[in-house]
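Worksheet: the structure to be examined is printed underneath.
The values are calculated or read from the model by the stated rules, or taken from the named source; none is laboratory data. The model shown is predicted, which means the values in this text are computed figures rather than measured ones. All Cβ positions, even for glycine, are placed from backbone atoms using ideal geometry, and neighbour counts span all protein chains on display. Only protein heavy atoms, including side chains, enter the accessible area calculation; ligands, DNA and RNA are left aside. Shrake-Rupley method; radii C 1.70, N 1.55, O 1.52, S 1.80 Å.
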Amino acid sequence: MKVIIGHTSADFDCLASMIAAKKIFTEAAVVFPGAIEENVRKFISLYGKVFNITQLKDIDFKKITELIIVDTRQADRIGVFANIIGEKNIKIYIFDHHPPSENDIQSSNSIIKLVGATTTILLNKIIKKNIRITPIEATLFALGIYEDTGSLSFSTTTKDDIEVLSYLFSVGVNLRTVNKFTNVGLNSQQKKILNELLSTAKEVYFQGIRIVFTKSKTDIYVEGLALVTHKLIEIINCDIIFVLVDMKNKIYIVGRSNRPSVDVGLILKEIGGGGHSQAASAVIKNKNLPEAEDVIKKILNEKIEQETIAKNIMTTPVKTIEISTTIGEASKIMLRYGHNGFPVVKKGKLVGIITRQEIYKANHHHYEKEAVGDYMTENILSVNPETPVLEIQELMIKNDIGRVLVINNSGKLEGIITRTDLIRSLYGDKDLNKESYSLFKTSSGKFAMENREIKSLIHQFFPKDILDVLYKIGETGDELDYSVFMVGGIVRDLFLGFPNLDLDIVVEENAIKFARFFCKKTKAEMKSHKKFKTAVVILPNGLKIDFASARREFYEFPAALPKVEFASIKKDLYRRDFTINAMAIQLNNKNFGRLYDFFGGKRDLELKKIRILYNLSFIEDPARIIRAIRFEQRYDFTLENATEKFLRKAIQEGLISRIRKKRISLEFVNIFKEKKPIKVLLRMNELGILSSIIPGIKITESLVNIFNKIDNNLKEWKDIFPHIYIDKTILYIYYLLEMSNLSMAIFQKKIDYAEKKIKVLEELFIKKEQISCKLKKKELKPSNIYYILNEKSNELLFAILLEERSDSIAFERIKNYLNNYKNTSIYINGYDLIQLGMKPSPVYAKILRLILYLQLNGVFTKKDEELKFIKRLLKKRII
């Protein structure tokens, strides 16, 4: 008899390995030697019949000739089967991925490989033997690999694990089932333990490494401590943790580590436990919780490895410059020393950092005589000399910075660590000359998203026709071997969940060539702009797509038009206004959904911050000042501190007045397209921006009230008159000018506005009061009302309604006009007049207008009456 067993407290890797072994040893019985985890038990309750698992009570131990052990080789982890180990007539096979220990079962038929999951070892044999796998088996095997590799995030994950998982997906893995059993909720008992663990968690430092200890006690045995630990780590965000729970006078311990210096498997092995370097467990008897904790701490002191720390890799001494140093002097110092940045000090005290890029840009714009203190970054991020390198890496990723300062406990600057120093310490000197963004592409923790998550988000966010277009763009990129990306506002709003279908596509090559090729495939039309290397494509369904070459821009002077040259996607994103608009999602098939976030845009979305990408951003393009406020108010964000400082400085220097009229007109009008433009105006007024655009603008309480009234009345208008369009931007601008006592002449001097809209504004200024007065006359027939309101703009009618009481006669007459009179048509036409013997002439229009007025007044109700009336006029020779 052949028997396949795993270990007690079987997890998914154990179960998956047992079923995989059954694919090889087809005649063997699959048996659990002891308890199994609750989550695995639930899986078996659903799918157990598929896998044909034998009960332990049905095994005749005297008949066992071959014993296949998977996912362990420790005798004390195989339950009652340990009693038959060593019998001469039993052949033993072992498949395991755990490190060796003193208690290991020895066998000449062992396959031990340090991969992420034992399932991987067995599947490699299955794949080589070309043994068929069903989709449900593939799903279980994937569960085993995902569980023991932390969804491929543990450092124990190997290339073999990934390749095997890829093969399983080609067979058919049900991700819903995988997610169901890897993302499990807690039961009430587990939640109670979790809450106690949260309340007792405390940090302890060993050789500068932060380790969390947390304890709990319960009178009953509660399964799933590993799951509770997983949830706990998600909440408190720690790298190393030891969870100790006293259950029925036994201390159950779970250890987790994401640091190479702390091997929890090695540590818990000392007290009879086992596992991996990143995940292990143990059980202690005859000790209380404090005693068990002390045992682990003692082992930690002996076993923990010293990590590389800041003082081991920092550069020292550090060259600094005084805050009063001019930009010109700083440029010469930087050239002399070849550094990319300098700490800035004031009387020996550290006050900021200035980079080569900031100095270069300030120099380029002729600010060489100004002090570096005006352009430095005051947000200083520093570490202690004893800070481990991995914590420095997290700091750089989280804040998207290229250097950190090393400051001791007394506040003295001891050194500086750059990205190059960090990469060298982690990966050695290899390939340091090549650009590598692998450490800095995305943040860790809650800010990171996998390609598949973003791909899923894209499918939820966009309608099918847009999705089809995105995939076609990616296919076109693959055919031309061009990298293509969706960029800017549409990426920002995708993450925020805001509706946005403005497709901006960047091509890491010639966008005009790409657009031409795309148009041939989709029968679309195209317009190109060779100077800026852009193209606009209009699809047959009317959808517009903007294509641009990945490019960098140079500004010869503040507010100048940029000069353009081809560049990488990173440089293209760097030229943009704010971090939240500097993200890209790749559309090529292989990397569809991959996020490029070099500058922490997603992090700033989480933090609700508007942040410029470099300190001279507002100087190079002052129009960004207005955009910063629009985005801040649209999303209820706040300006990041340094960004607000540079924005205020740009306003004080009068840079808004340097913006070209056409550009500032566009930005000004865009304010009124916001959902709540009054919020933007109030903030701009507070910062002194409005008066820089149009002197004399006033933001009063009355204006706030009228803007709010416009918003409220527009909702009612859409309900009552759904097909009558109102351009609310015209109304906002009109009341802003009227309540500021500003004339159209002043407005047109500062702002370019569409000619049609100017005519509507003029009509509002000239005719609003006049029309309103006429409508209030006592005796007006429907024809009189029609005559007064015909061909007047919808905005004029809306403005009159806005200022009238809902029970006023003027209000009622406008409603009647819009609901009844405006769309009235007469029964006869010019052809009928010809039939009556009238020659075509200008009198036709007068006759038809007269008929319309009489019909409005109720004189005519059908065509015969109109014809008889005209015949009478003809007979009397009146016409």
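Some points to look at:
- The chain: relative contact order in percent, alpha carbon pairs under 8 Å with at least 6 residues between: 5 percent
- Straight-line cross-link reach from Lys778 at under 17 Å between alpha-carbon atoms covers these lysines, not counting any fewer than eight positions away in the same chain: Lys815.
- Pairs spanning more than 28 Å between alpha-carbon atoms, out of Lys776/Lys863; Lys349/Lys649; Lys675/Lys750; Lys544/Lys662: Lys776/Lys863.
- Student exercise, region 66-196 dipole from Lys, Arg, Asp, Glu Cβ charges, in Debye to nearest 20: 400 debye
- Length available on full extension from Asn249 to Asn187: 0.36 nm per residue minus the Cα-Cα distance, which gives 20.1 nm.
- Extension reserve of the Asn591-Ile834 stretch, reckoned as 0.36 nm per residue once the Cα distance is removed: 80.4 nm
- 1.4 Å probe accessible area per residue over region 193-347, in Å²: 49 Å²
- Highest mean first, the peptides 724-732, 702-710, 180-188 sorted by other C-beta atoms within 10 Å per residue fall in the order 724-732, 702-710, 180-188.
- Among [x] 223; [y] 237; [z] 259, the entry that matches volume of the Cα convex hull per residue in Å³ as calculated here: [z]
- Accessible area in square angstrom per residue, region 649-709, 1.4 angstrom probe: 47 Å²
- Helix axis angle, 159-171 relative to the chain longest principal axis, alpha carbon, degrees: 60 degrees
- Helix 389-399 and the long axis of the chain differ in direction by around 10°, with both axes built from C-alpha atoms.
- Pairwise FRET efficiency - Ala642 versus Asp478, Cβ, R0 = 30 Å, nearest 0.05: 0.15
- Between the helical axis of 661-671 and the longest alpha-carbon principal axis of the chain there is an angle of about 70 degrees.
- Note on Lys464: aspartates and glutamates with a C-alpha under 16 Å away, same-chain residues under 8 apart excluded, are Asp502.
- Separation in nanometres of the label points that stand 7 Å from Cα toward Cβ, at Ser166 and Lys49: 3.8 nm
- P(r) tail for region 732-879: Cα pairs beyond 28 Å make up 40% of the total.
- Average accessible surface for region 728-879: 58 Å² per residue, computed with a 1.4 Å probe over protein heavy atoms with every protein chain in place.
- Within the chain, helix-based [θ] at 222 nm, where runs of 4 or more DSSP H residues each add -39,500 (n - 2.57), nearest 500: -13500 deg cm²/dmol
- Peptides 741-750, 61-70 ordered by packing proxy, namely the average of other Cβ atoms within 10 Å per residue, highest first: 61-70, 741-750.
- The stretch between Phe61 and Asn288, if pulled fully straight at 0.36 nm per residue, gains 77.9 nm over its current Cα-Cα span.
- In a simple Cβ point-charge model (Lys, Arg +1; Asp, Glu -1; nothing else charged), region 747-789 has a dipole of about 160 debye relative to its Cα centre.
- Shape call, region 1-151: gyration tensor on alpha carbons, a/c limit 1.5: rounded
- Between Ile235 and Gln207, the distance separating the two model label sites (each 7 Å from Cα on the Cα→Cβ line) works out to 3.1 nm.
- About the Cα centre, charge dipole magnitude for the chain (Lys/Arg +1, Asp/Glu -1 at Cβ), debye: 4100 debye
- Cα gyration tensor, region 603-678 - rounded (a/c under 1.5), prolate or oblate: oblate
- Extending 7 Å from the Cα toward the beta-carbon at both Lys750 and Lys531 defines two label points whose distance is 2.8 nm.
- Comparing Phe32, Met744, Thr420 along the charge dipole axis of the chain, the residue lying farthest to the positive side is Met744, per the Cβ-charge model.
- Non-local Lys pairs in region 1-102, i.e. 8 or more apart or on different chains, that have alpha carbons under 16 Å apart: 13
- Reach of Lys527 by Cα under 16 Å, taken over aspartates and glutamates that are not fewer than 8 positions away in the same chain: Asp504, Asp546
- Unit charges at the beta carbon, dipole of the chain: most positive-side option, Ile380, Ala142, Leu666: Leu666
- Cα shape, region 162-306, gyration tensor, a/c 1.5 rule: oblate
- Pairs of lysine residues in region 165-256 that meet both criteria, 8 or more places apart or on different chains and Cα atoms under 25 Å apart, total 28.
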